[in-house]
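Novice: Okay, here's the structure, questions in a sec.
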């Protein structure tokens, strides 16, 4: 079972702050739910289903619903949007729509031991062009490499005698967008383990503020501010090397 760390009262997971959690203003978004996303006649989970939009499909957002239609479904917060898909129109929950490019190549997938360092770094370097020269800093026993990529993406890699660490900073991305990105780098069996080892942490306003995944190479997804998040992965076996 998943473990949930909550501050104060668990019952207060509310429907609020749409601006901090809305999808980007991009009108073309991708379905990140591996089981697909229901296209419905009306907004809401109880509305009749028109069809199921498959994972990886692109939809065009036509209209966004009012703030009072914000919901949280399995820790994923979003609102209902009116979309066009395959010449059909209907409503979908935008918590499972993303502007992030989804991993699709072998080098963007976990190879062994659920270590996400290499897939995540490969995904970032492949999907976002480098905009400045790589900055390498060597200080005592620590080597640090900083790569500034397009669209506000920053990839940082650290290595010392004890750990190899990767940090990826993303702009205008929700915590659960990053979580779904990592899930999509695994097969269904690895995803089940990943989900079972996940801890969701809320702040004093009952808003999701951090996600921790207790793997051998632990994962942390946290907010830098309201518009920016950081994914951190530590590898204590140090299978990867910077130089």
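Novice: If one computes the Cα centroid of the range 46-80 and of the range 105-182, what distance in Å separates the two points?
Specialist: Taking the Cα centre of the range 105-182 as reference, the centre of the range 46-80 is 30 Å away.
Novice: A further question on this structure: Rounded, prolate or oblate: which one fits the range 146-242, using the alpha carbon gyration tensor with axes a ≥ b ≥ c (rounded when a/c is under 1.5, else prolate when a/b beats b/c, else oblate)?
Specialist: The shape class here is oblate.
Novice: Where does the range 33-166 land on the Kirkwood hydrodynamic radius, alpha-carbon pairs, in angstrom?
Specialist: 17.8
Novice: Assign one of three labels to the range 99-162, namely rounded, prolate or oblate, based on the Cα gyration tensor with a ≥ b ≥ c the square roots of its eigenvalues; rounded applies when a/c is under 1.5, prolate when it is not and a/b is larger than b/c, and oblate otherwise.
Specialist: Oblate shape, in that a/c is at least 1.5 and b/c is the bigger or equal ratio.
Novice: Shifting gears a bit: In whole percent, what relative contact order does the range 106-235 give with Cα contacts below 8 Å and a gap of six or more residues?
Specialist: RCO, the range 106-235: 23 percent.
Novice: With the chain treated as a Gaussian network of Cα nodes joined by springs under 10 Å, which of 196, 214, 86 yields the largest mean-square fluctuation?
Specialist: For the chain, modelled as a Gaussian network with Cα springs under 10 Å, the answer is 86.
Novice: Then there's this: From largest to smallest, what semi-axes in whole angstrom does the chain give when each is the square root of 5 times an eigenvalue of its alpha carbon gyration tensor?
Specialist: Working through the eigenvalues yields semi-axes of 32, 20, 17 Å.
Novice: Which percent, to the nearest 5, of DSSP beta bridges fully inside the chain are antiparallel?
Specialist: Antiparallel bridges make up about 95 percent of those DSSP assigns within the chain.
Novice: OK, next. Taking only DSSP H segments of four or more residues, each worth -39500 (n - 2.57), what value at 222 nm results for the chain once the sum is divided by all its residues, to the nearest 500 deg cm²/dmol?
Specialist: Dividing the helical sum by the residues of the chain leaves -3500 deg cm²/dmol.
Novice: Taking the chain as the reference, fit the longest principal axis to its C-alpha atoms, fit the long axis of helix 117-127 to the helix C-alpha atoms, and give the angle between the two in degrees, 0 to 90, nearest 10.
Specialist: Approximately 70 degrees, to the nearest ten.
Novice: When N counts the residues of the range 25-98, how does its alpha-carbon radius of gyration compare numerically with 2.2 N^0.38 Å, as a ratio?
Specialist: The reported ratio for this selection is 0.96.
Novice: Please report the relative contact order for the chain, taking Cα pairs under 8 Å with a sequence separation of at least 6, and give it as a percent rounded to a whole number.
Specialist: Normalised by residue count, the contact order of the chain is 20 percent.
Values quoted throughout were computed directly from the atomic coordinates according to the rules given, and no laboratory measurement underlies them. Treat the numbers as computed from the prediction; the structure is a model and nothing was measured.
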